[in-house]
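First comes the structure, then the notes that go with it.
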Amino acid sequence: MDDGSIMIVAALVVLVILSGFFSASETAYSSLNEIRMKSRAEDGDAAAARVLAMAQQRDKLFSTILVGDTIANLAAASLGVLLLIRPLGALRGTIVSAVALAVVILLFGEIGPRSMAREIPEKVATVSVPLMRFFISLLAPLTGLFGLWNKLVTHCFHSEAEPDAITEGELITMVSEAESEGELTDREGELIRSAIEFDDVEVDEILTPRVDVVAVKDSISFDALAEVFAESGYSRLPVYHHTIDNIVGVVHEKDASLARLRGQDAWQQLITPALFTTGATKISSMLRTFREEHHHIAIVVDEYGGTEGIVTLEDILEELVGEIWDEHDQAVEDFRPQPDGSWLVAGTASVGDLYEKLDIPPQETDSNTVNGLLQDLTGHLPKVGDGFRLGNYNGVVTHAARRRVTEVRLTPRPAPPEPTEEQAPSGRWFSHTAE
């Protein structure tokens, strides 16, 4: 091999390395987690700041990579033909060069570098910054011409659609990925998901329904009021006149206790104005109203002006941080797994939690609770012993009270046996599946 051939081989090696460099850089910057790099840059990581600055000039970066990779591959193909055309002839040299270089470039200029960069994108991007700056300057005339062509094509095929924005679903997916990678704990991920979905929740999804509301009549005695406070454990009680559909205000236990200590006989002057809202109000808006109006409880009014239920500040906060139990609360789990694999589910449990917890496909219902869902599914008031099917579960009502389902048992349905297939003489197939 003469000196000229050695120079060509050396040039081929350099060109394949350059092809691998451009391929690795493209994959690295495409796979780069810019949010993580931005966080590191804000913490004072200079290397991350350089990578982030490079990634932000996206059009110039990828135009340079495309031009550089194309030039390297074309130059390598030309030199390969030049190297082999002498000993093998024009036709054979061209064919052998094309096959050999295709294999070499695929292995060492494309597949290998891209696979490596996909595994360690941040390291590859960091190492490539100085050389990418050099090539951006070197190839600026060519990338500038291609940039003009790109603008022309974009102008001809311009879409008036708004640029894609990150949706809530994509944010939740990003949180799930961060959990799987160990960057977030399950509790942190749950809190972030709750915050993302917070603005979608309406008051009627979290309210205490009318039948469960503890309220007092405005004509009861001071002793009777103190007894209701003691039995319920609540610090505030709605006050109604004649009927619970006519809420006149709210009385605070602290005010009532101080009044009794001072020897007052009447408590009605302690009633403060009530805050009213609708079931369609977003809880984010309700939280803002609570803060501005200095209230902790609101009366939820239905479409007929009657009392649908109540919502409290604690109810809203629980949507973010989960159930809040104080020393007077009796902790009750809505979903209790049983040793036989079944689940005991409270009738007041949220249907959204039911779908998520037991992987049940959403049903056609406007109800927010399991009790309401069963009424929609059965078409009547369910009673103890009623059976039903829900997704892949067989259900039965285990407890009911006051015309409401308070508990159901959901048992996973056994997987159907594999069907056996027998071929009839006519050539048709029959399936026999045991129920």
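The values are calculated or read from the model by the stated rules, or taken from the named source; none is laboratory data. The structure displayed is predicted, hence computed values, not measured ones. Cβ placement follows ideal geometry from the backbone for every residue including glycine, while neighbour counts extend to all protein chains displayed. To get the accessible areas, we keep the full protein, side chains included, count just its heavy atoms, and leave off ligands, DNA and RNA. Shrake-Rupley method; radii C 1.70, N 1.55, O 1.52, S 1.80 Å.
In terms of the ratio Rg/(2.2 N^0.38 Å) built on C-alpha atoms, what value belongs to segment 83-159?
On the way: Rg = 19.0 Å, N = 77, 2.2 N^0.38 = 11.5 Å.
Taking the Cα Rg and dividing by 2.2 N^0.38 Å, one obtains 1.65.
Beyond 23 Å in Cα-Cα separation lie the following of the pairs K38/K123; K60/K151; K282/K383; K38/K60: K282/K383. Lys and Arg at +1, Asp and Glu at -1: add these up for the other residues within a Cβ distance under 11 Å of E308 and post the number. Taking every other residue near E308 into account, the sum is -3. At the listed q of 0.11, 0.18 Å⁻¹, the Debye profile of segment 205-286, built from one uniform point per Cα, gives log10 I(q)/I(0) equal to -0.32, -0.78.
Its relative contact order, with pairs defined as Cα atoms under 8 Å and 6+ residues apart, puts segment 103-258 at 11 percent.
Largest first and in whole Å, what are the equivalent-ellipsoid semi-axes of the chain based on the Cα gyration tensor, each being the root of 5 times an eigenvalue? Let's see the in-between values first.
Values: eigenvalues 943, 227, 69 Å².
In descending order the semi-axes read 69, 34, 19 Å.
When only the Cβ of Lys, Arg, Asp and Glu is charged (+1, +1, -1, -1), the dipole of segment 1-56 relative to its Cα centre reaches about 260 debye. Using only Cα atoms and rounding to the nearest 10 degrees, what angle (0 to 90) does helix 121-138 make with the longest principal axis of the chain? Helix 121-138 and the main axis of the chain meet at about 50 degrees. Across W343, W149, W267, the residue with the most accessible area heads the list, and the full order at a 1.4 Å probe is W149, W343, W267. For H252, the accessible surface of its heavy atoms amounts to roughly 50 Å² (probe 1.4 Å, protein chains only, rounded to the nearest 10).
What is the Rg over Rh value, at two decimals, for segment 84-241, using alpha-carbon atoms and the Kirkwood definition of Rh?
Working: Rg = 34.1 Å, Rh = 24.9 Å.
Rg/Rh for segment 84-241 comes to 1.37.
Per residue, the chain reaches -16000 deg cm²/dmol at 222 nm when only DSSP H runs of four or more residues are counted, each adding -39500 (n - 2.57). Near G169: Cβ cut-off under 12 Å, other residues only, Lys/Arg at +1 and Asp/Glu at -1. The net charge is -3.
Taking the C-alpha atoms only, the angle from helix 186-197 to the longest principal axis of the chain is near 80 degrees.
Could you order M37, M174 by accessible surface area, starting with the largest, using a probe radius of 1.4 Å? If you can, show how the numbers build up before the last one.
Working: M37 0, M174 75 Å².
The residues order as M174, M37, largest area first.
Largest to smallest in accessible area, the residues L74, L261 fall in the order L261, L74 (1.4 Å probe, all protein chains included). Between helix 46-56 and the chain there is an angle of about 80 degrees, using the helix long axis and the longest principal axis of the Cα atoms.
Over segment 5-90, the pair-distance histogram of Cα-Cα distances with 10 Å bins from zero comes to 16, 33, 23, 16, 9, 3, 0 percent, rounded to whole numbers.
Taking all protein chains as shown and a probe of 1.4 angstrom, D223 keeps an accessible surface of around 100 Å².
Run the numbers for L107 and F62: contour at 0.36 nm per residue of separation, minus the present Cα-Cα distance, in nm. Please report the intermediate quantities before stating the final value.
Details: separation 45, 0.36 × 45 = 16.20 nm, distance 2.16 nm.
Roughly 14.0 nm would be gained on extension.
Straight-line cross-link reach from K217 at under 28 Å between alpha-carbon atoms covers these lysines, not counting any fewer than eight positions away in the same chain: K254.
The solvent-accessible area of S285, taken with every protein chain present and a 1.4 Å probe, is close to 40 Å². Scoring 355-366, 14-25 by mean Cβ neighbours within 10 Å over their residues and listing the highest first yields 14-25, 355-366.
Rounded to a whole number, what % of the accessible area of segment 179-258 do carbon and sulfur atoms account for, probe 1.4 Å?
Working: 2090 of 4380 Å².
Exposed carbon and sulfur together represent 48 percent of the surface.
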